[in-house]
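Comments concern the structure below.
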Amino acid sequence: MLVFILLCLIQGVQAKINRKVLLQRNNPIVHTFDSLASLSVGNGGFAMTVDPTGLQTFPQHYSKGIPLGTQSDWGWHSFSNPKHYVPEDALKDYDFGRGRMEPYSVQFNEAGRQQSASNWLRENPHRLHLGIVGFELPSTVSFDDFADLSQTLMLGSGIIHSRYTLQGTPVEVKTVCHPERDLIAARVSAGQPMPIKLHFPYPTGVHADDACDWNSDSKHSTSLVSKRNNLAVFKRTLDATTYYVVVQWQGDVAIVRKSENYFVLTPEKGDFAFSCEFLPSFPTTFADHTLPSFKETAEASATEWARFWNEGGIVDFSLCTDPRAPELERRVVLSQYLMAIQAAGDTPPQETGLTYNSWFGKFHLEMIWWHQSHFPLWGHADKLDHTLSWYEKARPMARHIAERQGYEGIRWMKMTDPSAAEAPSKVGSFLIWQQPHLIHLAELVYRANPSKETLEKYFKLIQETAEFMYSFADYDEPNDRYILKGIIPAQETLRAAETVNPPLELSSWHYGLSTAQLWRERMGMKRVPEWDDLLEKLSPLAADDQDRYLAAETATDSYTNTRYLTDHPAVLGALGMYPANRLIDTKLMSNTLHALWDLWGWETSWGWDYPMTAMCAARLGEPDKAVDALLMKETKNTYLLNGHNYQSSRLRLYLPGNGGLLTAVAMMCAGWDGSTGVNPGFPTDGTWNVQWEGLQPMP
C-alpha cells in the first residue's frame with residue numbers, strides 16, 4: 001500500500017492538471033431547441049432544468065425529452081385516500097420453506113380492494129414538479145423566431161449563460177442555483193422587457209413522466225399571499241400538501257394572474273434580475289424574509305463550485321492517444337457535475353434525479369450504491385455522508401419490515417420514499433442486494449475519514465443490517481452450508497420461488513458480514529461467532545461443467561436459456577462491485593466474463609452494467625476489456641450532450657449509469673486493495689496515459 005501511495009504522489013507531481021482548462025473544454029454548448037439537450041443547475045437536493053432561453057419557457061416541447069423539471073428532496077404529494085388504504089392491504093404471504101409465512105407488499109392482478117390498495121400505495125406519495133419559471137412569450141412565437149442561439153453551461157461556476165436574438169432583439173440570460181437554498185436566480189439583459197411566468201401544474205401520479213398535469217386547475221390553487229415592494233409570496237395548495245414560492249426582483253414589476261395557477265411578472269425594463277425560492281413551509285414572517293440577489297447567488301455558486309472542482313478528484317485524458325479518450329473525459333466531467341447537482345441530497349436520489357419522475361419519483365435503495373459510491377473515491381465523502389444520514393431516520397420502518405417477516409435486525413427495501421415504507425412491487429419487494437449497500441457505503445466514508453465519529457455514527461446501523469443478513473441466510477444442514485433463497489436477484493429475470501444462491505448476492509453477503517465484523521474490531525468489540533460461521537460456510541458461486549459461473553445455483557441452463565442472458569449480467573458484479581473473496585475463483589470468473597462478452601444481450605442491459613463489467617475486467621487484469629466495456633456502443637450506454645446517460649424513450653436519463661461510470665474510472669485510475677501500479681484498470685500500451693489527482697482506491 002505504501003508503494004502504491006508513493007506512486008500516486010509521484011504521478012500527481014508529474015501530471016499537475018490544469019483543472020480550469022479541463023472544465024472549459026468540456027462545457028456543454030447548446031445551439032438548438034433539442035429536447036434531449038436541456039441543461040440543469042442544482043445543489044444536490046434541489047435542481048431546475050432549463051431550455052435554451054435560459055428559463056423554462058417551452059416545457060411542453062421538452063416533456064418527452066429531458067424535461068424542464070423543478071424538484072426537491074422535500075417536494076412530495078399524495079392524492080386523497082377516501083377508501084383509507086393502509087400498507088397491510090397490499091400484503092401477501094409467501095412460503096419460502098422457512099417454516100413460516102412471510103408477508104410482502106406486492107401488486108395484485110385480481111380486481112378488488114387489494115389491487116386498488118396496492119396501486120394507490122405504489123403511486124403515493126409521488127414527487128412534485130414545484131413549478132415552471134419561464135419567459136411569457138406571445139403564442140405566435142416559434143423556434144424560428146430565435147437566431148444566433150448559444151447556451152453554455154459553465155461547469156466551473158455552475159452558471160448557464162444563454163445568448164440569442166428573439167425576433168431581432170438581442171437577449172442574454174444567466175441562470176444559477178444557490179448552493180445551500182432551494183433557489184434559482186437569473187439576470188436578463190434584453191432590448192425590451194421580458195415577462196416571467198410562474199405556472200404551476202397538478203401532479204399526474206404517473207409511473208414515469210414530467211409530473212405535470214396542466215388540465216386540473218380545479219384540483220389545486222395558488223394564492224398571492226404577500227406582496228411588498230420587490231418581493232411576492234405565493235402559497236401552493238394541493239390536497240393536503242402546501243408549499244411556498246417566493247420571488248424577489250430588482251426594479252418595478254407588475255404581477256397579473258393569468259389563470260388559477262398561472263401568474264405573469266412583467267418588469268419595467270429589459271435589464272432585470274430576480275431570485276425565486278421554493279420552501280416546504282414559511283420559516284419567518286413575510287416582512288422579514290428576503291432572498292439573496294442574483295449577484296450574491298452567482299458568487300455563492302462560483303465559490304462552492306470552485307471548492308468542488310479544486311478539492312475533489314479530477315481525471316485528465318488529454319495525453320491519451322486512443323481516439324475514444326476525449327469522449328470518455330467528457331462523460332466523466334459531466335457525470336461529476338450531474339451527480340453533484342442531482343444526487344447529493346437529504347434522501348437517496350431517484351433514478352432520474354431531480355429532473356423528472358420515474359417509478360412515481362420514488363427512490364430505489366439497490367441503486368444508491370451506483371448513485372453515490374463514487375463520492376468518497378472522488379474526494380467528496382461529505383456528500384455521501386450527508387445522504388446516508390437518512391438511514392437513521394428510516395431505521396424504525398426497516399426494523400418493522402424485518403419483524404413483520406420474522407427476521408432479526410433491520411431490512412432495507414428496494415422501492416421506497418422518505419418514510420422508508422415498502423412500495424408494492426412484483427419484483428422489488430423480493431430483492432436483497434441493497435441490504436449490504438449501507439455497510440459498503442459507510443466503509444467508503446470511513447476510509448475517507450477514519451475517525452471515531454464515523455464509527456459511532458454508523459456502527460449500530462451496520463450491526464443491525466448485518467443481523468438481518470445473518471438471519472436471512474438459511475442453513476442447509478445436509479450439506480453443512482448457508483444458502484440464500486426466496487429472492488429475486490439483481491438479474492431480475494429470475495424468479496423468487498425458484499432461485500437459490502445468485503452470485504452477486506452471495507458475494508455481497510460475504511463482504512457485508514466481513515465488514516460488519518471489521519467494524520466490531522475497530523470499536524474494540526469481539527467478533528460475532530455465528531457470523532464467522534456463516535462466512536466460513538457460505539456457499540461458493542455455482543459453476544457449470546465448462547467452469548463458467550451460473551446466474552444462480554438453480555439456473556443450470558444459464559448459457560443456453562435466453563432468459564438468463566438478458567437484463568443485468570450481475571454475476572460480474574460479484575467481482576466488480578466487491579473485492580475477491582473465498583467464494584470466487586478468478587479463473588472461473590475470467591471464463592465467465594469472456595463467455596458473457598460474446599453471448600450477452602447487451603442491448604437489454606442498463607447504464608450501470610457497463611461500468612460494472614469494466615470493474616470486473618479491471619480486477620481480473622483485463623484493462624482492454626475494461627475500457628471497451630465503458631465505451632461499448634449500445635443505446636443504453638449513450639451519453640447525451642448534457643452528459644445524461646440515455647436508456648430509452650421512457651428513461652431519457654439514468655443517473656446510476658453516470659455514478660457507475662465515475663466509480664469505475666476512479667477504480668481504474670487509483671486501483672483497489674491489492675492492486676499495483678498507477679492506472680491498473682487502463683491498458684499499458686501507451687495509448688491511455690491517464691493523468692489524475694485526488695482519487696481514492698476501492699476496497
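The values are calculated or read from the model by the stated rules, or taken from the named source; none is laboratory data. Only a predicted model underlies this, so the values are computations on that prediction, with no experimental measurement involved. Please note: Cβ atoms are built from the backbone with ideal geometry, for glycine as well, and neighbour counts cover all protein chains shown.
Residue by residue, here is whether (1) surrounded by 21 or more Cβ atoms within 10 Å (Cβ to Cβ); (2) more than 30 Å from residue 694 (Cα to Cα) holds:
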position	(1), (2)
268	no, yes
271	no, yes
276	yes, yes
303	no, no
319	no, no
328	yes, no
333	yes, no
342	yes, no
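Residues being more than 25 Å from residue 176 (Cα to Cα) and either outside the structural domain of residue 71 (by TED's automatic domain parsing) or not hydroxyl-bearing (Ser, Thr, Tyr) (or both) are represented in region 328-349 by at least one member. Being hydroxyl-bearing (Ser, Thr, Tyr) and under 17 Å from the mean Cα position of the chain (by Cα) is the filter here; which residues of region 649-670 pass it? Those that are hydroxyl-bearing (Ser, Thr, Tyr) and under 17 Å from the mean Cα position of the chain (by Cα): 654, 663. Against the test of being over 24 Å from residue 208 (Cβ atoms) and touching a residue at least 60 places away in the same chain (Cβ under 8 Å), the options 343, 300 yield a single qualifying residue, 300. Going by what's in this entry, would residue 95 be described as outside the structural domain of residue 214 (by TED's automatic domain parsing), touching a strand residue (DSSP E or B) at 6+ places or on another chain (Cβ under 9 Å) and either surrounded by fewer than 19 Cβ atoms within 10 Å (Cβ to Cβ) or aromatic (Phe, Trp, Tyr) (or both)? Criteria met by residue 95. Of 550, 572, 535, all but one fail to be at pLDDT 95 or above and in contact with a His (Cβ under 7 Å, 6 or more places away or on another chain); the exception is 535.
All conditions but one from (1) over 30 Å from residue 234 (Cα atoms); (2) charged (D, E, K, R); (3) out of contact with any strand residue (DSSP E or B) (no Cβ under 6 Å at 6 or more places or on another chain) apply to residue 102; the one that does not is (3). For region 642-651, give me each residue that is part of a loop (DSSP other than H, G, I, E, B) and either touching a Lys or Arg at 6+ places or on another chain (Cβ under 8 Å) or under 16 Å from residue 336 (Cβ atoms) (or both). Correct list: 642, 643, 644, 647, 648, 649.
Meeting the requirement of 1 or more residues that are touching a helix residue (DSSP H, G or I) at 6+ places or on another chain (Cβ under 6 Å) and more than 17 Å from residue 463 (Cα to Cα), the helices (runs of 4 or more DSSP H) wholly within region 342-436 are 368-372, 374-377, 381-388.
Residue 401 - would you say it is outside the structural domain of residue 46 (by TED's automatic domain parsing), in contact with a Phe, Trp or Tyr (Cβ under 8 Å, 6 or more places away or on another chain) and crowded, with 19+ Cβ neighbours inside 10 Å? Criteria not met by residue 401. Selection of region 524-548 for residues being loosely packed, with under 13 Cβ neighbours inside 10 Å, part of a loop (DSSP other than H, G, I, E, B) and not hydrophobic (A, V, I, L, M, F, W, C) yields 524, 526, 545, 546. Tell me, which residue of region 589-608 that is surrounded by fewer than 17 Cβ atoms within 10 Å (Cβ to Cβ) and in contact (Cβ under 8 Å) with a residue 12 or more places away in the chain is farthest from residue 658 (Cα to Cα)? So, considering only residues that are surrounded by fewer than 17 Cβ atoms within 10 Å (Cβ to Cβ) and in contact (Cβ under 8 Å) with a residue 12 or more places away in the chain, the one farthest from residue 658 (Cα to Cα) is 599.
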